[in-house]
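Working notes, beginning with the structure itself.
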Amino acid sequence: MRILRNYLLKEFTLPFFFSLFVLIFVMLVGNMIKLVELIITKGVSFFSVSKLFLFLVPYLLTYVIPIAALAAVLLSLGRLSSDNEIIAIRSSGINIFMLILPILTVGLLLSLFLVILNDRIIPKAHFASRKTLIEIGIKNPTAALEPGTFIDSFQKYVLFIYSIDRNPLTGERNILNNVRIYEPQGKDKPTRTIVARRGEFVSIPEKKIVKLKLIDGTSDEPDVNKPGEFFKLNFKTYYMTLSMANQSDKREIEKKPKDMTLKELIQKEAEYKKQGIETIPLVTQIHEKLALAFAALVFILFASPLAIITHRREKTLNFGLAFLITVLYYLLLIGFESLSLQGVLKPALAMWMPNLIFTTLGIFLMVRLCVF
């Protein structure tokens, strides 16, 4: 039995690491294009982009590891089944469940690792990523800007810029053309509008602020005595102080639910309950972290009997089947998450429902395989 266990684990391990490498590579390449764009077109430093890249890896692992485990089971057991090795093993009196038990143990270990990853590592990486983005926004404000679109990255203001050019003196991409700035004044009050022919960012990182120098423009100021009417001010040079919209006024950046560990989420939930604040989003986040972690074990439990029953060894078909199962699982997860946030289902039931569905199907297939 020991020789058979080692043989089966070897058959599982090679496809697992192969699938893991391929999936990580594909996902990183997709995100790397956006990160490289920050360097080339936005002028963000290579060091800052490298940090964002490293912070992205743990987040990808929480999705990649369960999918890699699913693909590895379909590939390994599918090959053994198509080569009639499963039939030979069953003929020797070995129960199918005992055969699959070592892989299920690996799935449990992977899920426990993902619990730690989702609870400890990913929140820290997500929080560090947010801080890095804020630092980028302060050091290089144009990295947060996209010409031709409305930009609400700064507190109080909405910006619209037609184009951004490089400064011929410094080489920095910080010259703004045809700038429009809108400052909403509140409900039933006119919006303050500033229009300038040119603009230029002057970053002051040590004070964590950004100065915007506007050149040759006008400012439509709302008349306090006559709501709905404006008076126009012309200017040659006008300075504005901006701060990032997601930057806290406090010294420390406030954590969002995705930045919190399970312990911090539970503490925040208790705090909100005392204040009479709805806690469904926090409870949903808690159960989502745990449910996603145990997706690896659930996928293995479901895919093991399925691979033996389908009796296919073709890699393309097995990868395609793994893709379909993954899409179905995450569609269910998104759907039940929506039901949880809307209060239709309790968060504990909603977020674990995809796991319960696939576990039930896996047990049904396993029983059918062992009996017949």
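The values are calculated or read from the model by the stated rules, or taken from the named source; none is laboratory data. Treat the numbers as computed from the prediction; the structure is a model and nothing was measured. Note: ideal-geometry Cβ built from the backbone for every residue, glycine included; neighbour counts use all protein chains shown. Protein only, heavy atoms only, side chains kept; ligands, DNA and RNA dropped before computing areas. Shrake-Rupley method; radii C 1.70, N 1.55, O 1.52, S 1.80 Å.
When the surface is traced with a 1.4 Å probe over the full set of protein chains, His126 keeps roughly 60 Å² accessible. Distance between the pseudo-spin-label points of Thr218 and Leu332 (7 Å out from Cα toward the beta carbon): 6.1 nm. Between rounded, prolate and oblate, where does segment 300-372 land on the alpha carbon gyration tensor, with a ≥ b ≥ c its root eigenvalues, rounded for a/c under 1.5, else prolate if a/b exceeds b/c? Judged from the Cα gyration tensor, segment 300-372 comes out oblate (a/c at least 1.5, b/c at or above a/b).
Each residue of segment 331-339 was assigned a 3J(HN,Hα) from its phi angle through the Karplus expression (A = 6.51, B = -1.76, C = 1.60, θ = phi - 60°), giving 5, 4, 4, 5, x, 6, 5, 4, 5 Hz with x at Gly and Pro. Rounded to the nearest 20, the size of the Cβ-charge dipole of segment 282-351 about its Cα centre is 180 debye, with Lys and Arg at +1 and Asp and Glu at -1. The calculated FRET efficiency for Thr241 paired with Leu317, based on their beta-carbon distance and R0 = 41 Å, is about 0.10.
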